[in-house]
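The values are calculated or read from the model by the stated rules, or taken from the named source; none is laboratory data. As the structure is a prediction and not an experimental result, all values here were calculated from the model. Every residue, glycine as well, gets a Cβ built from its backbone with ideal geometry; the counts of neighbours run over all protein chains shown.
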Amino acid sequence: MNLEELVWLDSPEAQEALQSLASRELSESQRWPLLKNLRRHFTPAQAGLLWDQALWRRKAQSKFPQAGQMLWEPQALEQATSWELALQRAQKLDALVPPGPILDLGCGLGGQALALAQYRPVWAIDLDPLRLALLERNARQLQTPYPIETKLGDFLKMELPPAAALVADPARRQGEKRLYDPQETIPPLSELINLAERYRLPAAIKLAPSVDRQIIKDYPQSGLEFVGPHLECREAVLWLKTEDAALWEASLYRQGQWWSWSKKAQTEIELPLAPLEAGQYLYEVQPTLLRAGLLGELAKALGASQFDPQVSWLTGSLAFAPAPELKPWYATFRLTHVQHFSLKALQKLLRQLEIGILEIKKRNFALEPDQLRSKIKLAPHSKREATLFLTRCAGQPLFLLGERL
């Protein structure tokens, strides 16, 4: 898509056609009949644009609840921060920094800028004129409470407008290659930090979720937050020079609500080790909490332990009613069987128990769940469910069978 095509897609006739396509089946089998119908009213190129835009709107619904009102470009959509995560960051930034506009550097299609504009005026800067035009159009369509001003250019080389803070999401992909090292992103983390220090601005810089949490030792007055929806750690955010920022923080979006667990001390809680036995309760911990290094805090709160230092599952001998603020951070299973792993023994047990539905999880185990699933047989007509845990303890491969509570 180019700027001329964007202008046409924003026209009344194109928008009417897109609204009509929103209720249609967009499967590959329907592609030609729908395109044929569109070509009765539009040129072949325009029909193709409408088809593509309808598909992108459908795909974007998993990231943006307002996707059906917006226009998209596929690569920018793939890179865009989802609305729940962008809005959470905007709320947090609004609470942590002094009044004034926020700079969104390398804004792309503008998912973060649109969220920031719910709370503050925004300066959105990018090198791509099409993405800035998309952001301007979508901001008008959504009628953001605060204005978004766009600037075309290299934010590392231009004079930045006055602001209260900056956010940045450096590119973590170069062609097909993913960039995990913060100093290899585009631009590198060090250049973004130098920019924030030059303008004396608090900053929120998005990093890969795999970043080493000890990175904050290199940057005074910083904190690292790991963020994601239920059962995912989707990204990390380095917070620089923001008031009351924790050293490490886990933020979890679950069932329409945000949960947060923070740590302001660098001391680590040593996790106790205990034997693994049937009848115990196994606790599967949310990934954001693990990445934030808060496993010891949760184990202490649950009275739980590890059975192997390399495995992040916790176990305990008692089930109790935990404090409500703990419940979102783990799932509980009752272990019914703990055995040395062998395919023959596992298949025999599944057959004896007449298991028809099997959930498979693994930690520190070579065999992938899909590989194992192809080698075992479940009771074809049984609705009995179980969860299988593949793991190691003291170097020995084990399988654990349990039921989700």
- prompt: Within region 195-231, how many residues turn out to be farther than 24 Å from Thr267 by Cα and of a type in the set (Val, Ile, Thr)?
  reply: 1
statement: Checked region 93-117 for anything crowded, with 24+ Cβ neighbours inside 10 Å, more than 21 Å from the chain's Cα centre (by Cα) and part of a helix (DSSP H, G or I); matches are none
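Hey, does region 186-194 have a residue that's loosely packed, with under 14 Cβ neighbours inside 10 Å, without any contact (Cβ under 8 Å) to a residue 60 or more places away in the chain, over 18 Å from Leu93 (Cβ atoms) and β-branched (Val, Ile, Thr)?
We begin by selecting, within region 186-194, every residue loosely packed, with under 14 Cβ neighbours inside 10 Å; these are 186, 190, 194.
Narrowing the set further to residues that are without any contact (Cβ under 8 Å) to a residue 60 or more places away in the chain leaves 186, 190, 194.
Filter again for over 18 Å from Leu93 (Cβ atoms), leaving 186, 190, 194.
If we keep only those that are β-branched (Val, Ile, Thr) too, we end up with 186.
Yes, some residue in region 186-194 is loosely packed, with under 14 Cβ neighbours inside 10 Å, without any contact (Cβ under 8 Å) to a residue 60 or more places away in the chain, over 18 Å from Leu93 (Cβ atoms) and β-branched (Val, Ile, Thr).
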- request: Determine the pairs where a residue that is at negative phi, located within region 332-352, has a partner that is outside any helix (DSSP H, G or I) and of a type in the set (Asp, Glu) with Cβ atoms under 9 Å apart, the partner being 6 or more residues away or on another chain.
  value: Thr332/Glu284; Phe333/Glu284; Phe333/Glu403; Arg334/Glu403; Leu335/Glu277; Leu335/Glu403; Thr336/Glu403; Val338/Glu277
message: Here are the criteria: (1) in a strand (DSSP E or B); (2) buried (at least 20 other Cβ atoms within 10 Å of the Cβ); (3) not hydrophobic (A, V, I, L, M, F, W, C). Tell me which single one Arg120 does not satisfy.
response: (1)
- request: Filter region 348-374 down to residues that are farther than 20 Å from Gln396 by Cβ, at pLDDT below 95 and surrounded by fewer than 12 Cβ atoms within 10 Å (Cβ to Cβ), then give me how many there are.
  value: 2
- request: Could you please find all residues in region 57-80 being at pLDDT 90 or above, crowded, with 17+ Cβ neighbours inside 10 Å, in a helix (DSSP H, G or I) and not basic (Lys, Arg)?
  value: Ala60, Ala67
- prompt: Among (1) closer than 30 Å to Trp239 by Cβ; (2) modelled with pLDDT of 95 or more; (3) touching a strand residue (DSSP E or B) at 6+ places or on another chain (Cβ under 6 Å), where does Thr336 come up short?
  reply: (1)
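Out of curiosity, is Lys151 part of a strand (DSSP E or B), of a type in the set (Lys, Arg) and more than 23 Å from Leu96 (Cβ to Cβ)?
Taking the combined requirement at face value, the residue satisfies it.
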Out of Leu49, Leu85, sole residue that is of a type outside the set (Val, Ile, Thr) and assigned by TED's automatic domain parsing to the domain that holds Gln143: Leu85
Count - residues of region 262-296 that are more than 29 Å from Gln339 (Cα to Cα) and either without any contact (Cβ under 8 Å) to a residue 40 or more places away in the chain or outside the structural domain of Arg334 (by TED's automatic domain parsing) (or both): 8
- line: Conditions (1) surrounded by 16 or more Cβ atoms within 10 Å (Cβ to Cβ); (2) in contact with a His (Cβ under 9 Å, 6 or more places away or on another chain) -> Thr332 fails only (2)
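From the list Arg58, Arg31, which residue is under 21 Å from the mean Cα position of the chain (by Cα) and of a type in the set (Lys, Arg)?
Only one candidate passes the filter, namely Arg58.
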- request: Spot the failing condition for Ala80; the list is (1) touching a Pro at 6+ places or on another chain (Cβ under 7 Å); (2) under 30 Å from Gly256 (Cβ atoms), and only one is missed.
  value: (1)
query: Consider Ala323 against the criteria (1) over 21 Å from Gly395 (Cβ atoms); (2) in contact with a helix residue (DSSP H, G or I) (Cβ under 9 Å, 6 or more places away or on another chain); (3) in contact (Cβ under 8 Å) with a residue 24 or more places away in the chain: it satisfies all of them except one. Which criterion is unmet?
result: (3)
- line: When region 208-229 is checked residue by residue, the ones that are closer than 11 Å to Ala292 by Cα and in a loop (DSSP other than H, G, I, E, B) are Pro209, Ser210, Val211, Asp212
